[in-house]
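*Asks:* What follows is a single structure, and I will ask about it in a moment.
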Amino acid sequence: VTNAFANLSRYSKAEVIGNTTLGFNLWVDPGDRLRFIAALQTKEFCDSLEAQFRKKDGSLHTGIVSAGITEIKGIPHIVSTTHDITESKRIQQENASLLRRYQILMKTALDGIRVLDIQGNIVEANDSFCEMLGYTREEAIRLNVADWDVQWSSEELLQRIKDFIGKSARFETVHRHKDGTLIDVEISATGVEIDGKSYFFASSRDI
């Protein structure tokens, strides 16, 4: 038993040595334990099984378990490692929740909403934004912010996007419709990082 396992499980080495995973109620889902045993019995190894585990204090953590069977002094032993992914799972679930809310907003909002990458290219846009500028969705997702915003130069627009990462703002600017008509708009914008990449979320309201 390593110190890392003792720290993760909150059990002391003395409590773990000589005990079994059933003995200290480690597995949250008995089915995960059965799949773990079945893999060892059929293949003599278990590769990257994701499961939830119970700590001594009753709190839960998610881990990726890999294990194999090896002989020590002629006696088969299970040697396993657990990689704690609790924090990454929490972030993944939060991002999934944000994505669901974002998808609902994109479908129902009357304001023109779009998502830009750090270079100012459209990643996603809702129907209201496409209608505001007179483009089909297929046309819109090939646009760069410099194609419709006439208030600033391309360089200034890209710098503003970078400056907004991690911040929110509200300001006015001017959009150019596909037919050349100019539209005064109010922008609500937020810059965020998702999975290490920067994105610019913005909505335009015709004023």
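The values are calculated or read from the model by the stated rules, or taken from the named source; none is laboratory data. Because the structure is a prediction, the values reported are computed rather than measured. Glycine gets a Cβ as well: all are built from the backbone with ideal geometry, and neighbour counts include every protein chain shown. SASA here: full protein model, heavy atoms, side chains in, ligands and nucleic acids out. Shrake-Rupley method; radii C 1.70, N 1.55, O 1.52, S 1.80 Å.
*Asks:* Let me know the Rg and Dmax you get for the chain when you use only its Cα atoms, in Å.
*Replies:* So, for the chain, Rg and Dmax equal 26.5, 83 Å respectively.
*Asks:* Helix-derived [θ] at 222 nm for the chain: sum -39500 (n - 2.57) over DSSP H runs of at least 4, divide by residue count, nearest 500?
*Replies:* Details: 7 runs with 69 residues, N = 207.
Mean residue ellipticity, 222 nm, calculated: -9500 deg cm²/dmol.
*Asks:* May I ask you to give the solvent-accessible area per residue for the chain, in square angstrom, as obtained with a 1.4 angstrom probe?
*Replies:* 62
*Asks:* Rounded, prolate or oblate: pick one for segment 1-97, where a ≥ b ≥ c are the square roots of the eigenvalues of its C-alpha gyration tensor, a/c under 1.5 means rounded, and failing that, prolate if a/b is larger than b/c, else oblate. Don't skip to the answer; put the middle values down first.
*Replies:* Numbers: a/c = 2.03, a/b = 1.37, b/c = 1.49.
Because a/c hits 1.5 or more and a/b fails to exceed b/c, segment 1-97 counts as oblate.
*Asks:* Let me ask another. Lysine pairs in segment 29-164 with alpha-carbon atoms under 29 Å apart, 8 or more places apart or on different chains: how many are there? Walk me through the numbers before you get to the answer.
*Replies:* Numbers: K43/K55; K43/K73; K43/K89; K55/K89; K56/K89; K89/K107; K89/K162; K107/K162.
Within segment 29-164, the lysine pair count is 8.
*Asks:* What do you get for trypsin sites (Lys or Arg not before Pro) in segment 39-87 restricted to DSSP loop and a cutoff of at most 11 other Cβ within 10 Å of the site's Cβ?
*Replies:* Details: sites: K43, R54, K55, K56, K73; in loops: K55, K56, K73.
In loop regions of segment 39-87 (DSSP not H, G, I, E or B), the sparsely surrounded trypsin sites (Lys or Arg not before Pro) are K73.
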